[in-house]
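The values are calculated or read from the model by the stated rules, or taken from the named source; none is laboratory data. Source: prediction; values computed, not measured. Heads up, the Cβs are rebuilt from the backbone with ideal geometry, glycines too, and the neighbour counts pull from every protein chain shown.
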Amino acid sequence: MLKIKDYEFWFIVGSQHLYGKETLDAVKEDAEKIINEINASGKLPYPIVFKTVATTADSITQVMKEVNYNDNVAGVITWMHTFSPAKNWIRGTKLLQKPLLHLATQFLDHIPWETIDMDYMNLHQSAHGDREYGFINARLNKNNKIVVGHWKDEKVQTQIGQWMDVAVAFNESFNIKVARFGDNMRNVAVTDGDKIEAQIQFGWTVDYYGIGDLVAEMKEVTDQEIEAVCAECQEKYELVVGNNDPAYFEDHVKEQIRIEIALRKFLDRGGYTAFTTNFEDLWGMKQLPGMAVQRLNAEGYGFAGEGDWKTAALDRLVKIMAHNEKTGFMEDYTYNLVKGHEEILGSHMLEVDPTLASGKIRVEVHPLGIGDREDPARLVFDGTDGDAVNLTVSDFGDQFKLVMYEVDGKKPAEAAPKLPVARQLWTPKPGFYEGVQKWIESGGGHHTVLSFAVTAEQIEDFAKMVGLKTVKI
């Protein structure tokens, strides 16, 4: 499901005619060497394509127009190899509607003291050009990314690659469509918000459907389709019948598979990449979707419970940045307040994303004391150890606000035999008490996206691209 088009990034070099054709030819040659080597490094998720050495306002404006209308171009990387008068960039930069990275580098990583002369200085004026170019971007409030360092440095290449993932997510954000089966959970505040403003600012489309629309789709699912998915599950997961009658267990697992197949068909037919459910709206359903949701999460669909469309869209967005690795919908559930061992237990009724799993994933069937339906099948597993980021988006009426902190993710060390759901522990890196206090103080919600595959810097880069107020605790 996480199908992303074959994006590319255009490389534009800044210069001027003052230096003459010989120098401009050398500038182009240097740029092509840099691009070829960086592309071959294996550090970039998308290719860089050399576009032009831009020397006039008209040529810069024209190439930026081409970037805007070419759907395969996700963004622009600029390099001021020689000095480029910044007034030339004003019109084109103002017109640019896609992400911009200013690569502050130079061709050589050293000063060649034995041979350096004014010809060399004229050809290699990156330090000079970076300041002129940087000024106009700051004056235009462009909020572009700046990466500083030698282009052969692995850190620089990694930074470029991570920014590429954010730039692609920015482009794909305008393709995110959320199907809401039912409305928000009644009387809950933080999950609601202005859907029109979200579409204006982020590009997210949010559409409502009655749960009966999904029930109608479920009736069209065939036994052959269910059996095929059931065989896949038997190979992929550990099926734990437990105290259930085997026939009862099988029936309830197959009901989740029926929901999964129907959901996928419904979403794909409408071009939806994320969805929500609501346990208060289950008309015609035998079970609250559990394993069905989780298996779709594993494919890259965004999700959040109780009609929380903001988190569902955010989930899909971060999955794009993360290439769907170790990223998913999460909820703060309960605390461990033992001194020296403070941590948060994250989970949900059923729908924890299996991309977060470490170790074997089990299929289990248990009662659920909410929703007033049959016992649902769900995927049960323990989470992951490592560095992660936890984030949420809240609507404050006059603006959206992103709240996040970095966390130390932890796999639960103890069994919880009476808690048959997926579990993930974490501790905020700012400290448990400060992290929790500042989160609450900032109005961060209880539904979040947890990712071990993206960085806080990437999230901040996206926020700048869309003008989203951000609180990083």
### Query
Looking at segment 26-49, is at least one residue at pLDDT 95 or above and in a strand (DSSP E or B)?
yes
### Task
Hey, can you tell me all the residues within segment 41-65 that are of a type in the set (D, E, K, R) and either in contact (Cβ under 8 Å) with a residue 12 or more places away in the chain or outside the structural domain of V13 (by TED's automatic domain parsing) (or both)?
K43, K51, K65
### Task
Can you run down the residue pairs with Cβ atoms below 9 Å, 6 or more apart or on separate chains, where the first is in segment 191-202 and at positive phi and assigned by TED's automatic domain parsing to the domain that holds V466 and the partner is assigned to a loop (DSSP other than H, G, I, E, B) and aliphatic (A, V, I, L, M)?
none
### Only listed residue being in the same structural domain as A463 (by TED's automatic domain parsing), closer than 27 Å to G290 by Cα and free of Cβ contacts under 8 Å to residues at least 24 places away in the same chain, chosen from A357, A377, A416, A388
A416
### Message
I'd like to verify a number: residues in segment 1-22 that are among the polar types (S, T, N, Q) and either buried (at least 20 other Cβ atoms within 10 Å of the Cβ) or under 27 Å from G300 (Cα atoms) (or both), how many?
### Response
1
### Message
Going through D58, D71 one at a time, which residue ends up being among the charged types (D, E, K, R), loosely packed, with under 15 Cβ neighbours inside 10 Å and part of a loop (DSSP other than H, G, I, E, B)?
### Response
D71
### Task
Please work out if D281 is of a type in the set (D, E), assigned by TED's automatic domain parsing to the domain that holds M185 and not in a loop (DSSP other than H, G, I, E, B).
no
### Task
Enumerate the strands (runs of 3 or more DSSP E) found wholly within segment 332-442, keeping only those where 3 or more residues are surrounded by fewer than 21 Cβ atoms within 10 Å (Cβ to Cβ), over 22 Å from the mean Cα position of the chain (by Cα) and not aromatic (F, W, Y).
358-365
### Query
Between a first residue in segment 439-456 that is under 13 Å from W426 (Cα atoms) and assigned by TED's automatic domain parsing to the domain that holds L345 and a second residue that is part of a loop (DSSP other than H, G, I, E, B) and hydroxyl-bearing (S, T, Y), which pairs have beta carbons less than 7 Å apart while being 6 or more apart in sequence or on different chains?
F452/T384
### Query
So, of the residues in segment 174-187 that are out of contact with any helix residue (DSSP H, G or I) (no Cβ under 9 Å at 6 or more places or on another chain) and surrounded by 15 or more Cβ atoms within 10 Å (Cβ to Cβ), which turns out to be farthest from G443 (Cα to Cα)?
N175
#### Entry: Hits in segment 63-97 - residues which are within 18 Å of N171 (Cβ to Cβ) and charged (D, E, K, R)
K65, E66, D71
### Query
Is segment 221-233 home to any residue that is out of contact with any Phe, Trp or Tyr (no Cβ under 7 Å at 6 or more places or on another chain), assigned to a helix (DSSP H, G or I) and of a type in the set (V, I, T)?
yes
### Query
Out of D251, D213, D223, which single residue is over 21 Å from A357 (Cβ atoms) and within 32 Å of the chain's Cα centre (by Cα)?
D213
### Query
So which of W163, W113, W151 is of a type in the set (F, W, Y) and within 20 Å of F462 (Cα to Cα)?
W163
### Query
Tally time: how many residues in segment 437-466 are of a type in the set (D, E, K, R) and in contact with a strand residue (DSSP E or B) (Cβ under 7 Å, 6 or more places away or on another chain)?
2
### Task
Go over the candidates A298, A304, A312, A262 one by one and state the one that is buried (at least 24 other Cβ atoms within 10 Å of the Cβ) and touching a helix residue (DSSP H, G or I) at 6+ places or on another chain (Cβ under 9 Å).
A304
### Message
I'd like to check something: does segment 176-198 contain any residue that is modelled with pLDDT of 95 or more, hydrophobic (A, V, I, L, M, F, W, C) and in a helix (DSSP H, G or I)?
### Response
yes
### Query
Which one is surrounded by the most Cβ atoms within 10 Å (Cβ to Cβ) among residues in segment 245-257 that are touching a residue at least 12 places away in the same chain (Cβ under 8 Å) and farther than 19 Å from M218 by Cα?
F249
### Residue list for segment 114-135, filter: more than 23 Å from I34 (Cβ to Cβ) and either touching a His at 6+ places or on another chain (Cβ under 7 Å) or not acidic (D, E) (or both)
M118, F135
### Query
Among the residues of segment 237-244, is any in the same structural domain as G445 (by TED's automatic domain parsing), surrounded by fewer than 18 Cβ atoms within 10 Å (Cβ to Cβ) and in a helix (DSSP H, G or I)?
no
